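As structure tokens, the structure follows; a few thoughts come after it.
The values are calculated or read from the model by the stated rules, or taken from the named source; none is laboratory data. Bear in mind the structure is a predicted one, so any value in this text is a computation, not a measurement. Here the Cβ is made from the backbone with ideal geometry for all residues, glycine too, and neighbour counts use every protein chain on show.
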Amino acid sequence: MPSVGEFAGLESRTMTETVRLFPAKQQVGKELFRRTVPSTSKSVYWDVVEGSRKLAKFSSPGAEAHIQPLEPRKRVNTEVLYIREKKTLDEQTKNFIDKVGAFDEPYGQTLLTEELDSLNRTVENTMEWLRWEAIVNGQIDIQQTEPAIKLKVDYSFSSTHKVAKTGTGKWSDTTNSKPLSDLLTWRRLVSRDSWLTANRGFCNSQVMQYMVENSTIQTLIQYTVGDQLARNGYITTLAGVDITVYDVNYKNSAGTVVQYIPDTKFILTTTDEFSKEFQGPIDVPASDDSVRTEMGKVSYSWVTKDPVDTWILVGASTMPAIQIVDAIVAASIA
């Protein structure tokens, strides 16, 4: 009778293919880093480039072309972050899979898929956290103590693109603040600095409530955007910006529920490409006891002898990169 350790679904290539097919559940941040770049090295870098706004010089036919200097750029050097989570199919679990005298393959496949999905969600949650840390805060700051992992990445946001509303300008002051005017100002800022069109906004439902209750927007609700509110429960388009309300959250190490986008933030950006996500190398044991290297998300299993347990693992090596930082306005609005 085959054992759970010989179950075909536990072959590493099959497991890796399985976890890569899992849909990204409610991961809006992944849309902002939709281009993935494989890296054979754990060290990665990218250039932060400012587009030229200069005009070219006219020249006479046959004359030497005008020489342009290289564009100013800042190189960001860092490493991919490794995320690896595992769990064991202990003896009790294996007894559920192994029927008397036979192997319950359909049930085994279902159980394995569910457990892989659970591990995969944990890994994907962390990858989503990295994306929103980069977008919302303009930096990733890892200060993990157990195990000790420390890494800080500064995405070089300019001060003009990290807006902080104060006093009556805070959107929480629904009588005096001017969210519509702010959006128009920030759109112009992004267009001026990046040459891209800022047409995408992100916030959570608390910030959307500030917008809906704003005295100026209340007038618009009566005449223009009220149907959006009735159909969707929130304003979907304002000042030429398509707004996504993103209330997905995670639990931190203390067990506290935290929003990926805080109650104090509004993010304005573009549907144009301004970012990418590195997928670094990660070692995977092969069936012949050798090791192969893959890029991106992987999964595999192994068996321990004392106690006799089968372990399953999902891992990834990743780093979000923002090349056109002026395509983002990260606004503190409350």
- Query: Do we find a residue being more than 30 Å from Ser41 (Cβ to Cβ), hydrophobic (A, V, I, L, M, F, W, C) and surrounded by fewer than 18 Cβ atoms within 10 Å (Cβ to Cβ) anywhere in the range 238-245?
  - Reply: no
- Task: Output yes when any residue across the range 270-280 is touching a Lys or Arg at 6+ places or on another chain (Cβ under 8 Å) and loosely packed, with under 13 Cβ neighbours inside 10 Å, and no when none is.
- Result: no
- Item | Failed condition for Gly255, given (1) surrounded by fewer than 16 Cβ atoms within 10 Å (Cβ to Cβ); (2) touching a residue at least 24 places away in the same chain (Cβ under 8 Å); (3) in a loop (DSSP other than H, G, I, E, B) | (2)
- Message: Pull out all pairs, ordered by first then second residue, where Cβ-Cβ is under 6 Å, the residues are six or more apart or on different chains, the first lies in the range 294-313 and is over 24 Å from Ser41 (Cα atoms) and free of Cβ contacts under 8 Å to residues at least 60 places away in the same chain, and the second is part of a strand (DSSP E or B) and of a type in the set (A, V, I, L, M, F, W, C).
- Response: Trp302/Trp311
- Residue, nearest to Ser194 (Cα to Cα), within the range 46-71, restricted to residues that are free of Cβ contacts under 8 Å to residues at least 24 places away in the same chain and surrounded by 10 or more Cβ atoms within 10 Å (Cβ to Cβ): Ser52
- Ala330 fails exactly one of the following numbered conditions: (1) modelled with pLDDT of 90 or more; (2) of a type outside the set (Lys, Arg); (3) touching a Pro at 6+ places or on another chain (Cβ under 9 Å); (4) crowded, with 17+ Cβ neighbours inside 10 Å. What is the number of that condition? (3)
- Query: When residues of the range 195-207 are filtered for being buried (at least 21 other Cβ atoms within 10 Å of the Cβ) and part of a helix (DSSP H, G or I), how many remain?
  - Reply: 1
- Applying the selection to the range 130-145, what residues are surrounded by fewer than 19 Cβ atoms within 10 Å (Cβ to Cβ) and basic (Lys, Arg)? none
- Query: If you check Ile217 against the conditions, is it in contact with a Phe, Trp or Tyr (Cβ under 7 Å, 6 or more places away or on another chain) and surrounded by 13 or more Cβ atoms within 10 Å (Cβ to Cβ)?
  - Reply: no
- Query: Any chance the range 258-281 includes a residue that's touching a strand residue (DSSP E or B) at 6+ places or on another chain (Cβ under 7 Å), of a type in the set (D, E, K, R) and free of Cβ contacts under 8 Å to residues at least 24 places away in the same chain?
  - Reply: no
- Count of the range 111-167 residues which are of a type in the set (Gly, Ala, Ser), within 29 Å of Arg20 (Cβ to Cβ) and at pLDDT 95 or above: 1
- Can you tell which of Thr219, Thr304 is within 16 Å of Pro179 (Cα to Cα) and modelled with pLDDT under 95? Thr219
- Query: Would you call Ser118 on the phi > 0 side of the Ramachandran plot and either within 20 Å of the chain's Cα centre (by Cα) or part of a helix (DSSP H, G or I) (or both)?
  - Reply: no
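Conditions (1) part of a strand (DSSP E or B); (2) closer than 21 Å to Glu128 by Cβ; (3) of a type in the set (Lys, Arg), marked per residue:
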position	(1), (2), (3)
Ile261	no, yes, no
Phe266	yes, yes, no
Lys276	yes, yes, yes
Asp289	no, no, no
Trp302	yes, no, no
Asp309	yes, no, no
Ile312	yes, no, no
- Can you give me the ranges of the helices (runs of 4 or more DSSP H) entirely in the range 1-110 with at least 3 residues that are on the phi < 0 side of the Ramachandran plot and at pLDDT 80 or above? 12-21, 28-32
